[in-house]
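These notes concern the structure reproduced below.
The values are calculated or read from the model by the stated rules, or taken from the named source; none is laboratory data. From a predicted model like this one, the values you see are computed outputs, not experimental measurements. Cβ placement follows ideal geometry from the backbone for every residue including glycine, while neighbour counts extend to all protein chains displayed.
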Amino acid sequence: MPVVKVLTEGIGEANLRDIATYEERGGYVQLRRAFAEMSQRDVLDLCDASGLRGRGGAGFPTGRKWSFLPGNDKPRYLVCNCDEAEPGTFKDHMLIEETPHLVLEGMLLGAYGIGSHHAFIYIRGEFKRGYEIFSEAVRQARAAGYIGKNLFGTGYDLEVTVHRGAGAYICGEETALLNSLEGKRGEPRLKPPFPAVAGLYGMPTVVNNVETLAYLVPILKRGSQWFASVGTERSKGYKIVSISGHVRKPGNYEVPLGTPVRELLEIAGGLRPGRTLAAIQPGGGSSACIFEEQLDLPYDYESLAKAGTMLGSGAVVVMDDTTDFVKAAYNLVRFYAHESCGQCTPCREGGHWLETVLERFVHGRGLQSDIEMLHKVSAEITGLNLCPLGDSIEPFLASVLKRFPEQFEARVLKETVPA
Amino acid sequence: MSEGFRALLEELRPRCVEIVAQYEDSRSALLPLTHLFQERQGFVSRDAMRAVAEMLALSPAVVESTVSFYTLFFRRPVGKYVLQVCRGLACTINGAEEIMAHLRERLGIGHLETTADGLFSYEEVECLAACDRASCMQVNLEFVYHLTPQGIDDMLAAMRGGTYATAPMAQTQVPARTWTVVQDAQVSHGTKSAGAQGQSHPNNASGLGDRSGVVMLDRIVANEGLFRGRTLERLANAEPTLPKIVDEEAEAAR
């Protein structure tokens with residue numbers, strides 16, 4: 001079994017919320033070392049060499065993202081994205097609650113690496129407990145001298161602000177998050193300019209996921225080669241995979257990228273007795289399903305993209321043969337329709353209409369012509385919006401429509417079809 | 001601005017100043033300040049929005065527009081216990097529908113409603129990021145995992161008896177049946193026609209909100225004569241007949 005404990009090390013064994021415990025286990029050593037021995041350029045190079053890619057969903061190489069920052073004197077910001085709301089994802093929830101100092105150390109390292117003097121963490125509004133735990137971690141770290149003015153006598157000032165959202169999935173999109181952080185409606189911005197050029201308050205900004213920043217700590221500790229030697233050629237290192245649905249032991253499991261999906265299923269205890277697999281959603285609500293015959297796919301960015309789906313945030317939802325895919329499709333479409341910010345017409349109207357049509361199917365009142373309409377409308381939403389939310393509607397719907405057409409056909413209202 | 005609110009504002013002002021000082025731009029404090037007032041008042045009152053606007057040098061309209069974007073801000077009073085059940089996919093395939101039906105039955109209210117005694121508000125919310133402990137819910141934003149009908153009954157009894165672990169929310173005003181603004185239009189005017197936009201109700205597909213046409217289709221099937229010659233024909237013949245559009249200028253030129 002390839003389960004490892006890198007970020008998850010010590011979770012469930014020690015009270016990592018307490019800074020003394022965290023320090024006993026080697027916490028904040030890397031931060032001290034970075035300030036004492038490494039230049040900002042060294043941190044960036046290390047991050048680049050490790051091949052670390054964004055763990056929030058898009059999988060963009062982190063070092064490259066940092067390198068887009070312009071070389072000017074404007075203040076720069078690091079924003080840690082903890083607006084975790086992708087259906088099926090629950091890794092950041094665990095990280096900030098169980099090991100907040102690791103996340104914080106990663107944030108401080110990231111901020112130092114990009115030359116930022118003010119780092120923010122945007123925590124989803126529902127994580128009230130997580131917000132309190134993380135705020136306490138920040139207080140402890142400030143008292144210990146890891147946050148504040150003139151860190152370790154180097155003259156480097158670094159401030160951290162913990163910011164809480166108020167219930168909006170769209171704020172996980174980085175420009176929507178920045179708008180929300182600026183006290184505005186969480187509506188995505190038109191890109192370019194990308195946040196690296198004009199982000200928070202119009203200044204150069206890097207937005208990184210919680211897990212991405214947390215990985216900086218072990219990478220600094222064990223070197224970029226250690227991280228880069230794991231995984232596949234282009235998907236390097238480890239990933240926390242959130243496995244849920246119809247499995248016997250749902251939970252967060254940290255594995256090397258490239259682990260076959262079949263093994264992930266085994267790690268999570270397999271299916272319940274007497275059930276057979278129907279579909280797996282490998283990368284959160286926005287990803288197309290994979291099926292029984294694709295179980296040997298390696299779980300990495302490229303292999304899943306080649307199979308027409310994606311790794312996304314690493315949320316694996318397993319569905320067995322008891323699943324009603326009409327209801328599942330309705331559920332996810334309703335989610336996107338509800339969470340659409342409403343700026344772009346295809347997403348706002350399209351999502352709403354798909355929800356309406358699928359609601360008919362759920363009640364067994366679909367029309368024959370609706371099936372084609374579902375395909376058509378979902379395809380027409382895709383690619384026409386400011387952000388990827390609208391594009392997220394089609395993959396799951398299209399994949400289950402194709403795989404389980406009989407479930408939809410069975411809900412067509414036969415009486416309206418002339419004999 | 002009421003007398004009570006003025007006192008609250010004076011009490012919270014030092015904390016507000018601290019919050020605003022955390023940001024380079026004061027407007028960033030909009031969400032944290034709103035959270036602060038909601039925690040004390042149980043909802044975001046008009047007074048609170050006006051106070052936030054004043055502190056941040058914004059128009060109250062800007063504050064209300066922003067606040068209205070976020071589902072965790074209640075712009076009308078809610079119950080002392082806000083029960084938010086996850087309706088995400090992982091919870092749904094692990095029995096959330098039965099849990100929701102049980103809760104609705106026990107509370108006697110539906111989605112986005114508050115009980116008459118003002119104790120409970122009920123909402124079905126999107127994925128709460130606790131799929132490994134499905135099905136789950138939040139009570140005043142504290143998680144409750146692995147829900148069962150028996151667990152729900154015990155929880156409600158503890159809340160009614162005042163022994164529940166999570167503290168009730170502040171309640172400074174008596175809540176109405178719902179806190180959503182869309183439905184207020186109907187409550188105050190009562191003029192919207194059946195099936196009008198915004199009247200849909202997920203728990204009552206046969207009520208006013210026949211958004212997807214389920215009830216209409218049922219009526220057609222049950223009572224053919226009523227609609228013969230019009231709707232039924234239209235439904236049966238997917239190809240609509242549209243008038244031909246003639247480009248008169250082009251015709252004339254030819």
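How do the strands (runs of 3 or more DSSP E) wholly within the range B:63-163 filter down when requiring 2 or more residues that are over 30 Å from residue A:240 (Cβ atoms) and either without any contact (Cβ under 8 Å) to a residue 12 or more places away in the chain or away from chain A (no Cβ under 14 Å) (or both): which remain?
B:120-125
Could you check the range A:137-162 and list, in sequence order, the residues that are in contact with a Leu (Cβ under 9 Å, 6 or more places away or on another chain), touching a residue at least 60 places away in the same chain (Cβ under 8 Å) and of a type in the set (A, V, I, L, M)?
If the condition is that a residue be in contact with a Leu (Cβ under 9 Å, 6 or more places away or on another chain), touching a residue at least 60 places away in the same chain (Cβ under 8 Å) and of a type in the set (A, V, I, L, M), then A:137, A:141, A:151 are the ones that fit.
Select from the range A:243-287 the residues that are within 12 Å of another protein chain (Cβ to nearest Cβ), in a loop (DSSP other than H, G, I, E, B) and in contact with a Lys or Arg (Cβ under 7 Å, 6 or more places away or on another chain) and list them in ascending order.
Matches in the range A:243-287: A:246, A:248, A:268, A:269, A:272.
Do you know which residues across the range A:335-354 are facing another protein chain (nearest Cβ under 10 Å) and in contact with a Phe, Trp or Tyr (Cβ under 7 Å, 6 or more places away or on another chain)?
A:339
How many residues, within the range A:88-141, are of a type outside the set (Ser, Thr, Tyr) and assigned to a loop (DSSP other than H, G, I, E, B)?
8
Show the residue pairs that are 6+ apart or on different chains and have beta-carbon atoms under 7 Å apart, the first residue being within the range A:97-123 and in contact (Cβ under 8 Å) with a residue 24 or more places away in the chain and closer than 20 Å to residue A:70 by Cα, the second being in a helix (DSSP H, G or I) and β-branched (Val, Ile, Thr).
Note: pairs meeting the criteria are A:109/A:43; A:109/A:217; A:112/A:43; A:113/A:43.
So, residue B:23, is that one at pLDDT 95 or above and closer than 23 Å to residue B:112 by Cβ or not?
Spelling it out, it is not the case that residue B:23 is at pLDDT 95 or above and closer than 23 Å to residue B:112 by Cβ.
Select, from A:77, A:131, A:122, the only residue that is over 13 Å from residue A:208 (Cβ atoms), buried (at least 20 other Cβ atoms within 10 Å of the Cβ) and not charged (D, E, K, R).
Residue meeting the stated conditions: A:131.
Looking at (1) facing chain B (nearest Cβ under 9 Å); (2) in a helix (DSSP H, G or I); (3) in contact with a strand residue (DSSP E or B) (Cβ under 6 Å, 6 or more places away or on another chain), find the lone condition where residue A:161 falls short.
(2)
Can you name the residue in the range A:297-334 that is out of contact with any Ser or Thr (no Cβ under 9 Å at 6 or more places or on another chain) and part of a helix (DSSP H, G or I) and is also farthest from the other protein chains (Cβ to nearest Cβ) among such residues?
Among them, the one singled out is A:306.
Within the range A:145-156, identify whether any single residue is at the interface with chain B (Cβ under 10 Å from one of its Cβ atoms), surrounded by 18 or more Cβ atoms within 10 Å (Cβ to Cβ) and not hydrophobic (A, V, I, L, M, F, W, C), and answer yes or no.
no
How many residues are surrounded by fewer than 21 Cβ atoms within 10 Å (Cβ to Cβ) and in a helix (DSSP H, G or I) when one looks only at the range A:343-354?
Residues meeting the conditions: 6.
Residue under question is residue A:205, and the condition is that it be touching a residue at least 40 places away in the same chain (Cβ under 8 Å), surrounded by 18 or more Cβ atoms within 10 Å (Cβ to Cβ) and either touching a Lys or Arg at 6+ places or on another chain (Cβ under 6 Å) or more than 10 Å from every other protein chain (Cβ to nearest Cβ) (or both); does it hold?
So residue A:205 passes the test.
Would you please list the contacts, defined by Cβ atoms under 7 Å and residues six or more apart or on different chains, that run from a residue in the range B:28-50 that is assigned to a loop (DSSP other than H, G, I, E, B) to a residue that is charged (D, E, K, R)?
As it stands, the answer is B:43/B:75; B:43/B:76; B:44/B:75, since those pairs meet every condition given.
Please go through the range B:15-54 and give me each residue that is under 26 Å from residue A:200 (Cα atoms), out of contact with any helix residue (DSSP H, G or I) (no Cβ under 6 Å at 6 or more places or on another chain) and away from every other protein chain (no Cβ under 14 Å), ordered by number.
B:17, B:54
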